[in-house]
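Working notes for the structure below.
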Amino acid sequence: MNDDFMLGVQLKLKVVELVRQTMNDDFMLGVQLMLVGMSTVFLILCIVILLGKLLIAATNKLPAEEEQKKSPVAAAPSAIDAQTKAIIDATVAQLTGGKGRVSKVEKI
């Protein structure tokens, strides 16, 4: 009976050792997967940042559309009649308490 008991204890010890080894292997696999995943995400984010900076640099080198579309016809100011100017002046004076002044009126 003592031999059966010792055999049972030895079997239990081997099972516990096997479980510990398996858990240790699983833990190391988990850590390895975590490090690979985090490194991949970091690398992809660096690539996204680099591409964003390149896109901003390329966009800033292109001339603005407004500068290209300027025409000599648009440079001539359109004149407004005196009554309309007086109405605009009175409205600005009323809204600003007499502190505002109209310097230029353009048709958009």
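The values are calculated or read from the model by the stated rules, or taken from the named source; none is laboratory data. Owing to the predicted nature of the structure, the values given are computational and were not obtained by experimental measurement. Virtual Cβ from ideal backbone geometry, glycine too; neighbours counted across all protein chains shown.
For residue 31, indicate whether it is of a type in the set (A, V, I, L, M) and more than 44 Å from the chain's Cα centre (by Cα). No; evaluated as a whole, the condition is false for this residue. Here residue 60 fulfils each of the conditions (1) exposed (fewer than 10 other Cβ atoms within 10 Å of the Cβ); (2) at pLDDT below 80 apart from (2). In the stretch 80-99, of all residues being surrounded by fewer than 10 Cβ atoms within 10 Å (Cβ to Cβ) and in a loop (DSSP other than H, G, I, E, B), the one that is modelled with the highest pLDDT corresponds to 97.
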